[in-house]
Amino acid sequence: MKEKGLLIVLSGPSGVGKGTVRQAVFSRPDAKFEYSISMTTRKPREGERDGVDYFFKSKEEFEQLIKEGKLLEYAEYVGNYYGTPVDYVKETLESGRDVFLEIEVQGAKQVREKIPEGLFIFLMPPSLDELESRIVGRGTESVDLIHNRMEAARKEIELMSLYDYVVENDNVDFAVDRINAIVQAEHCRSERVAYKYIKMLEVD
Ligand SMILES: Nc1ncnc2c1ncn2[C@@H]1O[C@H](COP(=O)(O)OP(=O)(O)OP(=O)(O)O)[C@@H](O)[C@H]1O
Ligand SMILES: Nc1nc2c(ncn2[C@@H]2O[C@H](COP(=O)(O)O)[C@@H](O)[C@H]2O)c(=O)[nH]1
């Protein structure tokens, strides 16, 4: 029987660098994951492309997807919907390939309930001050939105104990190395568990 792929969930507070780290993960020549492109009702930022960065949807279209059960998880985040297409994730995992999700914490909590065997990684900023200066430095949010995102971040950080691993994003390359090492270790662990059971069956 073909072994299922591993679901890797990268989450953490807004502005910590999830998007930056995810892009760096996928820019490594040895990256073996499939990225699940999310749906959102947020307007595209400059340079963002439909079907590459997100599938951009209207509120009505998104609510229809919810009704039809097409989302593995979804969340309303700072005034917009974000969600993960369930069919893509399931089909890719079934085909034996690893799927990488980069999502906020409410969605990660829902995925944990549905796919508890996934690998959940929480990306941490070196400090709250550094987090705020990253959000401000990105220059994509108004002062009000920055305030909302910092408020949300404080609550999100409290949920870090629900994750399998916490990775500090002090430096993007180091964070990618840590994530890759964790994924590799998780693959070795599941191979060892499978091997142990095969050996047990041989003895019996
Ligand atoms: N290790 C790092 N050191 C310094 N700056 C960083 C680091 N990682 C990311 N940044 C910067 O922090 C800002 C926020 O990063 P990014 O947009 O990737 O965060 P995010 O967690 O995806 O945010 P959101 O959840 O709001 O989408 C960007 O300007 C990015 O260049
Ligand atoms: N619950 C989900 N959260 C998602 C998904 N895709 C992205 N996100 C997260 O939303 C915020 C805001 O993103 P931005 O692009 O507007 O800055 C960020 O934390 C993303 O990680 C998703 O499918 N589900």
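Readers should treat all values here as calculations from the given coordinates under stated rules, not as data from a laboratory. Note that the structure is a prediction, hence the values are computed from the model and not measured. Neighbour counts are summed over all protein chains in view; Cβ atoms, including those assigned to glycine, are modelled from backbone coordinates with ideal geometry.
Find, to one decimal place in angstroms, the Kirkwood hydrodynamic radius of segment 20-104, where the mean of 1/r is taken over every pair of different Cα atoms and then inverted.
Values: mean 1/r = 0.0729 Å⁻¹.
Taking the inverse mean of 1/r over all distinct Cα pairs, segment 20-104 comes out at 13.7 Å.
Per 0.36 nm of contour for each residue apart, how much would the distance between Asp129 and Lys43 grow if the chain were fully extended, relative to their Cα-Cα spacing?
On the way: separation 86, 0.36 × 86 = 30.96 nm, distance 2.75 nm.
The Asp129-Lys43 span can extend by a further 28.2 nm.
Show the residues, 5+ positions off or on another chain, whose built amide H is closer than 5 Å to the amide H of Val166.
Phe122
If you take all C-alpha pairs in segment 75-133, what percent of them are over 15 Å apart?
On the way: 1036 of 1711 pairs.
Beyond 15 Å sits 61 percent of the P(r) for segment 75-133.
Can you list the residues of segment 71-90 with backbone N under 17 Å from a point 7 Å past the Cα of Ser58, pointing along Cα to Cβ?
81
Can you list the HN-Hα couplings for segment 9-15, worked out from phi with the Karplus curve (6.51, -1.76, 1.60; θ = phi - 60°), rounded to whole Hz and with x for Gly and Pro?
10, 9, 9, x, x, 4, x
Round to the nearest 0.05 the FRET efficiency obtained for Glu158 and Gln184 when R0 = 25 Å and r is the Cβ-Cβ distance. Please list the in-between numbers first.
Numbers: r = 29 Å, r/R0 = 1.17.
For R0 = 25 Å, the calculated efficiency reads 0.30.
Say the dipole of the chain comes from +1 at the beta carbon of Lys and Arg and -1 at that of Asp and Glu; which of Pro85, Gly118, Tyr197 then lies farthest toward its positive end?
Tyr197
What's the percent breakdown of Cα-Cα distances in the chain across 10 Å bins, shortest bin first?
8, 33, 37, 16, 5, 2, 0
For segment 43-150, run through the GluC sites (Glu not before Pro) and keep only the ones in DSSP coil with at most 13 other Cβ atoms within 10 Å of their Cβ.
Working: sites: Glu46, Glu48, Glu60, Glu61, Glu63, Glu68, Glu73, Glu76, Glu91, Glu94, Glu102, Glu104, Glu113, Glu117, Glu130, Glu132, Glu141; in loops: Glu46, Glu48, Glu68, Glu104, Glu117, Glu141.
Answer by residue number: Glu46, Glu48, Glu68, Glu117.
Which lysines have a Cα less than 17 Å from the Cα of Lys114, not counting those fewer than 8 places away in the same chain?
Lys4, Lys70, Lys90
Can you give the local net charge around Lys67? Use residues other than it whose beta-carbon is closer than 12 angstrom to its beta-carbon, Lys and Arg +1, Asp and Glu -1. If you can, show how the numbers build up before the last one.
Working: positive: Lys70; negative: Glu60, Glu61, Glu63, Glu68.
With Lys, Arg at +1 and Asp, Glu at -1, the net is -3.
Between Tyr77 and residues 5 or more places away or on another chain, which pairs have amide H atoms under 5 Å apart, with H built 1.01 Å from N, and which residues are they?
Hits under the 5 Å cutoff: Tyr82.
Hey, what do the phi angles of segment 152-166 turn into as Karplus ³J(HN,Hα) couplings, whole Hz, using 6.51/-1.76/1.60 and θ = phi - 60°, x for Gly and Pro?
Running phi through 6.51 cos²θ - 1.76 cosθ + 1.60 with θ = phi - 60° gives 4, 4, 4, 5, 5, 5, 5, 8, 5, 5, 7, 9, 6, 9, 10 Hz.
If you add up the charges near Leu159, with Lys and Arg at +1 and Asp and Glu at -1, over every other residue whose beta carbon is less than 14 angstrom from its beta carbon, what do you get?
Numbers: positive: Lys109, Arg112, Arg154, Lys155; negative: Glu104, Glu113, Glu156, Glu158, Asp164.
Within the 14 Å Cβ shell, the charges total -1.
When the label point is put 7 Å from the Cα of Gln23 along its Cα-to-beta-carbon vector, which residues of segment 77-98 have a backbone N closer than 11 Å?
Of the residues in segment 77-98, none has backbone N under 11 Å from the label point off Gln23.
Over segment 97-204, what portion of Cα pair distances is larger than 24 Å, expressed as a whole percent?
Numbers: 2286 of 5778 pairs.
Roughly 40 percent, once rounded to a whole number.
Using each residue's phi in segment 167-183, evaluate 6.51 cos²θ - 1.76 cosθ + 1.60 at θ = phi - 60° and report the 3J(HN,Hα) Karplus result to the nearest Hz, with x for Gly and Pro.
Computed from phi, the couplings for segment 167-183 are 10, 7, 9, 7, 8, 4, 5, 5, 4, 5, 4, 5, 4, 4, 5, 5, 5 Hz.
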